[in-house]
Amino acid sequence: MSENPVFERIKNDISENDVVLYMKGTPIFPQCGFSAAVVGVLTHLGVKFKGINILEDAALRQGIKEFSSWPTIPQLYVKGEFIGGCDIVREMYQSGELQQMLGQKGIQTKAA
Amino acid sequence: MRVADRIADKLNRRFAPAEVRVIDDSQRHHGHAGWREGGETHFKVEIVSSVFAGQSRVARQRLVYQALTEELAGPVHALELKTLTPEEAAGAKA
(Lines give C-alpha, C1' and ligand atoms only; values in the text may rest on other atoms or scores of the structure.)
Protein backbone atom coordinates (compact mmCIF):
# COMPACT_ATOMS: atom_id res chain seq x y z
CA MET A 1 0.00 0.00 0.00
CA SER A 2 2.07 2.93 -1.19
CA GLU A 3 -0.15 5.94 -0.80
CA ASN A 4 0.60 9.01 -2.83
CA PRO A 5 2.87 11.12 -0.57
CA VAL A 6 0.95 14.23 -1.60
CA PHE A 7 -2.16 12.84 0.16
CA GLU A 8 -0.44 13.23 3.53
CA ARG A 9 0.11 16.93 2.86
CA ILE A 10 -3.47 17.40 1.73
CA LYS A 11 -4.76 15.66 4.86
CA ASN A 12 -2.63 17.96 7.00
CA ASP A 13 -3.80 21.08 5.20
CA ILE A 14 -7.47 20.25 5.44
CA SER A 15 -7.29 19.20 9.08
CA GLU A 16 -5.21 22.16 10.25
CA ASN A 17 -7.29 24.77 8.43
CA ASP A 18 -11.05 25.07 8.75
CA VAL A 19 -11.55 26.32 5.22
CA VAL A 20 -9.16 25.44 2.41
CA LEU A 21 -9.46 26.37 -1.25
CA TYR A 22 -7.31 24.55 -3.78
CA MET A 23 -7.12 27.02 -6.61
CA LYS A 24 -5.24 28.36 -9.59
CA GLY A 25 -3.31 31.41 -8.46
CA THR A 26 -3.64 33.05 -5.06
CA PRO A 27 -6.60 34.68 -3.30
CA ILE A 28 -5.12 38.08 -4.21
CA PHE A 29 -4.26 37.10 -7.78
CA PRO A 30 -6.46 34.23 -8.96
CA GLN A 31 -5.37 32.95 -12.36
CA CYS A 32 -8.65 31.42 -13.44
CA GLY A 33 -12.19 32.78 -13.51
CA PHE A 34 -13.64 29.80 -11.67
CA SER A 35 -11.12 30.09 -8.85
CA ALA A 36 -11.76 33.82 -8.72
CA ALA A 37 -15.50 33.22 -8.42
CA VAL A 38 -15.08 31.03 -5.33
CA VAL A 39 -12.64 33.50 -3.77
CA GLY A 40 -15.28 36.16 -4.42
CA VAL A 41 -18.01 34.22 -2.61
CA LEU A 42 -15.82 33.43 0.40
CA THR A 43 -14.56 36.99 0.62
CA HIS A 44 -18.08 38.36 0.32
CA LEU A 45 -19.16 36.14 3.21
CA GLY A 46 -16.16 37.24 5.25
CA VAL A 47 -14.87 33.67 5.58
CA LYS A 48 -11.24 33.26 6.50
CA PHE A 49 -9.67 30.60 4.29
CA LYS A 50 -6.34 29.24 3.22
CA GLY A 51 -5.78 29.41 -0.53
CA ILE A 52 -3.41 26.84 -1.96
CA ASN A 53 -2.03 27.52 -5.42
CA ILE A 54 -1.87 24.23 -7.28
CA LEU A 55 -0.11 25.86 -10.25
CA GLU A 56 3.06 26.02 -8.16
CA ASP A 57 3.21 22.30 -7.58
CA ALA A 58 2.67 19.71 -10.31
CA ALA A 59 2.45 16.81 -7.84
CA LEU A 60 -0.24 18.59 -5.84
CA ARG A 61 -2.09 19.61 -8.98
CA GLN A 62 -2.49 15.95 -9.94
CA GLY A 63 -2.68 14.64 -6.36
CA ILE A 64 -5.63 16.76 -5.28
CA LYS A 65 -7.68 15.49 -8.20
CA GLU A 66 -7.04 11.90 -7.15
CA PHE A 67 -7.52 12.63 -3.47
CA SER A 68 -10.97 14.12 -4.05
CA SER A 69 -11.96 11.99 -7.07
CA TRP A 70 -12.71 15.32 -8.70
CA PRO A 71 -11.03 16.25 -11.96
CA THR A 72 -11.28 20.03 -11.85
CA ILE A 73 -9.99 23.02 -9.88
CA PRO A 74 -11.05 24.91 -7.73
CA GLN A 75 -11.95 22.60 -4.86
CA LEU A 76 -13.32 23.77 -1.54
CA TYR A 77 -12.84 21.92 1.74
CA VAL A 78 -14.55 22.87 4.99
CA LYS A 79 -13.48 21.14 8.22
CA GLY A 80 -11.86 18.39 6.22
CA GLU A 81 -14.92 17.73 4.09
CA PHE A 82 -14.97 18.19 0.33
CA ILE A 83 -17.77 20.61 -0.54
CA GLY A 84 -17.35 20.93 -4.30
CA GLY A 85 -16.07 23.06 -7.12
CA CYS A 86 -17.14 26.39 -8.53
CA ASP A 87 -20.62 25.40 -9.76
CA ILE A 88 -21.57 23.82 -6.45
CA VAL A 89 -20.22 26.66 -4.33
CA ARG A 90 -22.06 29.16 -6.49
CA GLU A 91 -25.36 27.24 -6.35
CA MET A 92 -25.07 26.73 -2.60
CA TYR A 93 -24.31 30.39 -2.07
CA GLN A 94 -27.29 31.50 -4.16
CA SER A 95 -29.68 29.19 -2.31
CA GLY A 96 -28.27 30.11 1.10
CA GLU A 97 -27.12 26.54 1.78
CA LEU A 98 -23.48 27.56 1.87
CA GLN A 99 -24.04 30.12 4.61
CA GLN A 100 -26.12 27.57 6.53
CA MET A 101 -23.50 24.84 6.17
CA LEU A 102 -20.71 27.18 7.30
CA GLY A 103 -22.78 28.19 10.31
CA GLN A 104 -23.47 24.57 11.23
CA LYS A 105 -19.78 23.80 11.07
CA GLY A 106 -18.99 26.74 13.30
CA ILE A 107 -17.24 28.82 10.66
CA GLN A 108 -17.49 32.51 11.28
CA THR A 109 -19.10 34.61 8.54
CA LYS A 110 -20.05 38.23 8.28
CA ALA A 111 -23.68 38.78 9.24
CA ALA A 112 -25.46 38.63 5.89
CA MET B 1 -17.37 14.71 -34.51
CA ARG B 2 -17.24 18.04 -32.72
CA VAL B 3 -16.36 17.86 -29.04
CA ALA B 4 -19.74 19.31 -28.04
CA ASP B 5 -21.52 16.59 -30.00
CA ARG B 6 -19.36 13.91 -28.48
CA ILE B 7 -20.19 15.20 -24.99
CA ALA B 8 -23.92 15.30 -25.78
CA ASP B 9 -23.74 11.82 -27.25
CA LYS B 10 -22.08 10.33 -24.16
CA LEU B 11 -24.46 12.11 -21.80
CA ASN B 12 -27.46 10.90 -23.78
CA ARG B 13 -26.28 7.33 -23.55
CA ARG B 14 -25.33 7.44 -19.89
CA PHE B 15 -28.16 9.51 -18.40
CA ALA B 16 -31.10 9.20 -20.82
CA PRO B 17 -31.73 12.86 -20.01
CA ALA B 18 -35.07 14.61 -20.30
CA GLU B 19 -33.04 17.60 -21.46
CA VAL B 20 -29.42 18.20 -22.23
CA ARG B 21 -27.71 21.33 -23.44
CA VAL B 22 -24.04 21.48 -24.29
CA ILE B 23 -22.75 24.96 -24.94
CA ASP B 24 -19.28 25.62 -26.31
CA ASP B 25 -18.30 28.56 -24.17
CA SER B 26 -14.72 28.78 -25.43
CA GLN B 27 -15.06 32.22 -26.99
CA ARG B 28 -15.94 33.74 -23.64
CA HIS B 29 -12.61 32.49 -22.37
CA HIS B 30 -10.56 33.83 -25.27
CA GLY B 31 -6.93 34.16 -24.22
CA HIS B 32 -7.46 32.51 -20.81
CA ALA B 33 -5.46 29.55 -19.60
CA GLY B 34 -6.33 26.42 -21.54
CA TRP B 35 -7.88 28.36 -24.39
CA ARG B 36 -6.71 27.54 -27.89
CA GLU B 37 -7.39 28.68 -31.39
CA GLY B 38 -10.44 26.92 -32.76
CA GLY B 39 -12.21 26.73 -29.41
CA GLU B 40 -13.71 23.50 -28.07
CA THR B 41 -11.96 23.91 -24.72
CA HIS B 42 -14.58 25.44 -22.39
CA PHE B 43 -18.06 23.96 -22.11
CA LYS B 44 -21.21 24.52 -20.17
CA VAL B 45 -23.53 21.57 -19.69
CA GLU B 46 -27.07 21.61 -18.38
CA ILE B 47 -28.57 18.20 -17.91
CA VAL B 48 -31.91 17.04 -16.54
CA SER B 49 -32.09 13.37 -15.65
CA SER B 50 -33.85 11.17 -13.14
CA VAL B 51 -30.51 9.41 -12.57
CA PHE B 52 -29.68 12.34 -10.25
CA ALA B 53 -32.63 11.77 -7.93
CA GLY B 54 -31.53 11.30 -4.34
CA GLN B 55 -27.91 12.16 -5.14
CA SER B 56 -25.91 15.01 -3.64
CA ARG B 57 -24.50 17.74 -5.84
CA VAL B 58 -21.03 16.27 -5.51
CA ALA B 59 -22.26 12.78 -6.41
CA ARG B 60 -24.12 14.09 -9.46
CA GLN B 61 -21.13 15.95 -10.82
CA ARG B 62 -18.89 12.96 -10.18
CA LEU B 63 -21.23 10.86 -12.34
CA VAL B 64 -20.97 13.38 -15.17
CA TYR B 65 -17.21 13.66 -14.82
CA GLN B 66 -16.94 9.87 -14.95
CA ALA B 67 -18.98 9.75 -18.15
CA LEU B 68 -16.65 12.35 -19.68
CA THR B 69 -13.30 11.10 -18.35
CA GLU B 70 -11.77 10.94 -21.82
CA GLU B 71 -12.86 14.43 -22.80
CA LEU B 72 -11.61 15.91 -19.53
CA ALA B 73 -8.26 14.20 -19.93
CA GLY B 74 -8.10 15.46 -23.51
CA PRO B 75 -9.47 18.58 -25.20
CA VAL B 76 -11.78 19.88 -22.49
CA HIS B 77 -10.16 22.40 -20.16
CA ALA B 78 -13.23 23.57 -18.28
CA LEU B 79 -16.71 22.18 -17.76
CA GLU B 80 -19.43 24.11 -16.00
CA LEU B 81 -22.22 21.84 -14.86
CA LYS B 82 -25.82 22.19 -13.91
CA THR B 83 -27.35 18.86 -12.91
CA LEU B 84 -31.07 18.71 -12.17
CA THR B 85 -33.73 16.07 -11.69
CA PRO B 86 -36.90 16.48 -13.78
CA GLU B 87 -38.75 17.61 -10.62
CA GLU B 88 -36.14 20.28 -9.87
CA ALA B 89 -36.19 21.46 -13.47
CA ALA B 90 -39.98 21.78 -13.35
CA GLY B 91 -39.69 23.71 -10.10
CA ALA B 92 -37.09 26.04 -11.55
CA LYS B 93 -39.39 26.92 -14.44
CA ALA B 94 -42.53 27.36 -12.33
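For the stretch A:88-101, does any single residue satisfy the condition of being of a type in the set (Lys, Arg) and modelled with pLDDT under 95? Steps first, please.
The initial filter retains those residues of the stretch A:88-101 that are of a type in the set (Lys, Arg), namely A:90.
The next check asks that each one be modelled with pLDDT under 95; those that pass are none.
Scanning the stretch A:88-101 turns up no residue that is of a type in the set (Lys, Arg) and modelled with pLDDT under 95.
On the basis of being part of a strand (DSSP E or B), modelled with pLDDT of 95 or more, away from chain B (no Cβ under 14 Å) and closer than 26 Å to B:VAL76 by Cα, does A:VAL20 make the cut? Spell out how you get there, then give the answer.
Numbers: part of a strand (DSSP E or B): yes; modelled with pLDDT of 95 or more: yes; away from chain B (no Cβ under 14 Å): yes; closer than 26 Å to B:VAL76 by Cα: yes.
Judged against the criteria, A:VAL20 is a match.
Residues that are more than 23 Å from A:LYS24 (Cβ to Cβ), among the aliphatic types (A, V, I, L, M) and without any contact (Cβ under 8 Å) to a residue 12 or more places away in the chain: does the stretch B:39-59 have at least one? Full working, then the answer.
Pass one, the stretch B:39-59, residues more than 23 Å from A:LYS24 (Cβ to Cβ): B:46-56, B:59.
If we keep only those that are among the aliphatic types (A, V, I, L, M) as well, we get B:47-48, B:51, B:53, B:59.
Checking the rest, the ones that are also without any contact (Cβ under 8 Å) to a residue 12 or more places away in the chain come to B:59.
Yes, there is a match, as at least one residue in the stretch B:39-59 is more than 23 Å from A:LYS24 (Cβ to Cβ), among the aliphatic types (A, V, I, L, M) and without any contact (Cβ under 8 Å) to a residue 12 or more places away in the chain.
In the stretch B:61-86, which residue that is surrounded by fewer than 22 Cβ atoms within 10 Å (Cβ to Cβ), at the interface with chain A (Cβ under 8 Å from one of its Cβ atoms) and touching a Leu at 6+ places or on another chain (Cβ under 9 Å) is farthest from A:SER68 (Cα to Cα)?
Taking the candidates together, the pick is B:LEU72.
Could you please let me know if A:LEU98 is over 24 Å from B:GLU70 (Cβ atoms), of a type in the set (A, V, I, L, M, F, W, C), without any contact (Cβ under 8 Å) to a residue 60 or more places away in the chain and within 12 Å of chain B (Cβ to nearest Cβ)? Don't jump to the end; show me each part of the working.
Working: over 24 Å from B:GLU70 (Cβ atoms): yes; of a type in the set (A, V, I, L, M, F, W, C): yes; without any contact (Cβ under 8 Å) to a residue 60 or more places away in the chain: yes; within 12 Å of chain B (Cβ to nearest Cβ): yes.
Answer is yes for this residue.
Which one of these is in a loop (DSSP other than H, G, I, E, B), modelled with pLDDT of 95 or more, touching a strand residue (DSSP E or B) at 6+ places or on another chain (Cβ under 8 Å) and farther than 25 Å from B:ALA73 by Cβ: A:VAL47, A:VAL39?
Numbers: A:VAL39 fails: in a loop (DSSP other than H, G, I, E, B).
The match here is A:VAL47.
Consider only pairs whose beta carbons are under 7 Å apart and that are at least six residues apart or on different chains; among these, list those whose first residue lies in the stretch A:30-45 and is more than 17 Å from A:VAL78 (Cβ to Cβ) and whose second residue is aliphatic (A, V, I, L, M).
Final answer for the pair search is A:PRO30/A:MET23; A:PRO30/A:ALA36; A:PRO30/A:VAL39; A:GLN31/A:LEU55; A:GLN31/B:ALA33; A:CYS32/B:ALA33; A:PHE34/B:ALA78.
Looking for something within 11 Å of the chain's Cα centre (by Cα) and surrounded by 13 or more Cβ atoms within 10 Å (Cβ to Cβ) - is there at least one such residue anywhere in the stretch B:34-42?
Taking the stretch B:34-42 as the starting set, the residues that turn out to be within 11 Å of the chain's Cα centre (by Cα) are B:42.
Checking the rest, the ones that are also surrounded by 13 or more Cβ atoms within 10 Å (Cβ to Cβ) come to B:42.
Yes, some residue in the stretch B:34-42 is within 11 Å of the chain's Cα centre (by Cα) and surrounded by 13 or more Cβ atoms within 10 Å (Cβ to Cβ).
Does at least one position in the stretch A:69-83 carry a residue that is within 14 Å of chain B (Cβ to nearest Cβ) and loosely packed, with under 13 Cβ neighbours inside 10 Å?
Filtering the stretch A:69-83 for residues within 14 Å of chain B (Cβ to nearest Cβ) gives A:69-78, A:81-83.
After this cut, where a residue has to be loosely packed, with under 13 Cβ neighbours inside 10 Å as well, the list is A:69, A:81.
Scanning the stretch A:69-83, I find at least one residue that is within 14 Å of chain B (Cβ to nearest Cβ) and loosely packed, with under 13 Cβ neighbours inside 10 Å, so the answer is yes.
Are any residues in the stretch A:50-89 β-branched (Val, Ile, Thr), in contact with a Leu (Cβ under 6 Å, 6 or more places away or on another chain) and in a strand (DSSP E or B), and if so, which ones? Write out each step before concluding.
Taking the stretch A:50-89 first, the residues β-branched (Val, Ile, Thr) are A:52, A:54, A:64, A:72-73, A:78, A:83, A:88-89.
Right, trim to in contact with a Leu (Cβ under 6 Å, 6 or more places away or on another chain) and you get A:54, A:83, A:89.
Correct list: A:ILE83 only.
If you check A:LEU60 against the conditions, is it under 12 Å from the mean Cα position of the chain (by Cα), away from every other protein chain (no Cβ under 14 Å) and not basic (Lys, Arg)?
On the way: under 12 Å from the mean Cα position of the chain (by Cα): no; away from every other protein chain (no Cβ under 14 Å): yes; not basic (Lys, Arg): yes.
Criteria not met by A:LEU60.
For residues that are surrounded by 17 or more Cβ atoms within 10 Å (Cβ to Cβ) and either part of a helix (DSSP H, G or I) or out of contact with any strand residue (DSSP E or B) (no Cβ under 8 Å at 6 or more places or on another chain) (or both), tally how many sit in the stretch A:100-112. I'd like the intermediate steps shown before the answer.
First, pick out the residues of the stretch A:100-112 that are surrounded by 17 or more Cβ atoms within 10 Å (Cβ to Cβ): A:102, A:107.
After this cut, where a residue has to be either part of a helix (DSSP H, G or I) or out of contact with any strand residue (DSSP E or B) (no Cβ under 8 Å at 6 or more places or on another chain) (or both) as well, the list is A:102.
Summing the residues that are surrounded by 17 or more Cβ atoms within 10 Å (Cβ to Cβ) and either part of a helix (DSSP H, G or I) or out of contact with any strand residue (DSSP E or B) (no Cβ under 8 Å at 6 or more places or on another chain) (or both) in the stretch A:100-112 gives 1.
Which members of the stretch B:45-60 meet the condition of being of a type outside the set (A, V, I, L, M, F, W, C) and surrounded by fewer than 17 Cβ atoms within 10 Å (Cβ to Cβ)? Lay out the reasoning, then the answer.
Pass one, the stretch B:45-60, residues of a type outside the set (A, V, I, L, M, F, W, C): B:46, B:49-50, B:54-57, B:60.
Hits for the stretch B:45-60 are B:GLU46, B:SER50, B:GLY54, B:GLN55, B:SER56.
Test of understanding: among A:SER15, A:SER35, which residue is crowded, with 21+ Cβ neighbours inside 10 Å, among the polar types (S, T, N, Q) and at negative phi?
Working: A:SER15 fails: crowded, with 21+ Cβ neighbours inside 10 Å.
Unique residue meeting the criteria: A:SER35.
The values are calculated or read from the model by the stated rules, or taken from the named source; none is laboratory data. This is a predicted model, so every value here is computed, not measured. A quick note on method: Cβ atoms are made from the backbone with ideal geometry, for glycine too, and the neighbour counts reach across all protein chains shown.
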